[in-house]
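Here the structure comes first, spelled out in structure tokens, and everything after it is commentary.
The values are calculated or read from the model by the stated rules, or taken from the named source; none is laboratory data. Please read these numbers as outputs of a predicted model, since none were measured by experiment. Here the Cβ positions follow ideal geometry from the backbone for every residue, glycine too, while neighbour counts run over all protein chains shown.
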Amino acid sequence: MFKIAQPASIIFGKHSAEEYSFPENCLIITSKGAISRGWLEYLKINDCYVFDKVEPNPGIEIAENIISEFEKSKFSCIIGLGGGSSMDVAKFVASKMKKLKICIPTTFGSGSEVTRISVLKVNGNKKSFHDDSQIADVAIVDSHFIENSPPKIIKNSAIDAAAQCSEGYDSKNGNPLTKFLCNQAFELLEEGILKMDREKIVLGSLISGLGFGNCSTTLGHALSYVFSNEGYSHGHALSFTTLYAHEFNSSRFYHRFSNIVKKLNFSKINLKQDYNEAAELILTDRKHLDNNPKQVSKQDVVSLLEKINTDNSM
Ligand SMILES: [Zn+2]
């Protein structure tokens, strides 16, 4: 038996967000640059509440602050506009406040617009929340937003999407549909990255979200969070944690993933935390590790961290 959960409505296409008729009285949850970048103007949303203080790797406190700030405001729906961080906060808040959810990604990699997952920091450590009540009602994927994205953002997002679909393909929780989607997503992302074809990256990211969102990522993501806790961006951390996790799992994607990491030219990552301490924290992440195709021991995690820190072959 398997179950597929995704937004009731997924709208894909250049300028699809510009053409969409948004409900009145929305709360937009986004990051600081949203207004200066002209995003709200582009969406032609006038009558709305705006919370534009979401930072990368947001903590659960920001979601709690939004809930208390807007508890008494009368709005009909919540729009998550931005990268994974903004959409994750919006989904978490909307699920708690029982509001309609519209997600519009402006970076293309997290797949958050179509998944039931939000990632927030709790006590300084990244934690993922999985719940069907966090699935957007409407996801609008508009490649207009990638046009002016800096290359660094595109590279970090694209590697996230590639990590997600390749880990998802190998997930023990997968099924024929997730395998089909994850494989298709990887093909698009690989070509998109190697040829820097932005439209392919946007579509690949959406399909990656639909795939891994229904089967979960695995060891690569579990390993990445301790690096993010030390300040590495999600994509940068994954470029190496997923690479070494693929090698450990003998993933069919190992060589192809290694190719795109090389193409994107990521600098090495380095963990300062004690390996044993980090391994203990990583092993509590059962949502990712229980789906990993191979069982992972504490010694395995320590060896992987050691390898990531010391291997200079990339
Ligand atoms: Zn990810």
Is at least one residue of region 111-128 under 24 Å from Y20 (Cα atoms), buried (at least 19 other Cβ atoms within 10 Å of the Cβ) and away from the ligand (no atom under 16 Å from the Cβ)?
no
Test for S86: is it of a type in the set (S, T, Y), farther than 15 Å from S31 by Cβ, in a helix (DSSP H, G or I) and at pLDDT 95 or above:
no
Report, by residue number, each residue of region 11-39 that is within 22 Å of M97 (Cα to Cα) and either crowded, with 17+ Cβ neighbours inside 10 Å or basic (K, R) (or both).
F22, C26, L27, I28, I29, T30, S31
From S36, S68, which residue is at pLDDT 95 or above and farther than 23 Å from H234 by Cβ?
S68
Test of understanding: among K172, K96, which residue is more than 16 Å from the ligand (Cβ to nearest atom) and part of a loop (DSSP other than H, G, I, E, B)?
K172
Within region 284-299, restricting attention to residues that are in a helix (DSSP H, G or I) and of a type outside the set (S, T, N, Q), which residue is nearest to H130 (Cα to Cα)?
K287
Can you tell me how many residues in region 187-218 are within 15 Å of the chain's Cα centre (by Cα) and assigned to a helix (DSSP H, G or I)?
13
Residues I140, I135: which one is crowded, with 24+ Cβ neighbours inside 10 Å, more than 16 Å from the ligand (Cβ to nearest atom), β-branched (V, I, T) and in contact (Cβ under 8 Å) with a residue 60 or more places away in the chain?
I140
Looking at G209, G231, G235, G168, can you tell me which residue is free of Cβ contacts under 8 Å to residues at least 40 places away in the same chain and within 21 Å of G83 (Cβ to Cβ)?
G231
Could you tell me whether any residue of region 103-112 is among the hydroxyl-bearing types (S, T, Y) and outside any loop (DSSP other than H, G, I, E, B)?
yes
Counting only residues in region 238-250 that are surrounded by fewer than 23 Cβ atoms within 10 Å (Cβ to Cβ) and in contact (Cβ under 8 Å) with a residue 60 or more places away in the chain, the one farthest from the chain's Cα centre (by Cα) is identified as N249
Can you tell me which of (1) on the phi < 0 side of the Ramachandran plot; (2) within 16 Å of the ligand (Cβ to nearest atom) is the one L188 doesn't meet?
(2)
Matching residues, region 254-274, being assigned to a helix (DSSP H, G or I) and surrounded by fewer than 19 Cβ atoms within 10 Å (Cβ to Cβ):
Y254, H255, R256, S258, N259, K262, K263
Filter region 210-258 down to residues that are away from the ligand (no atom under 13 Å from the Cβ) and of a type in the set (G, A, S), then give me how many there are.
4
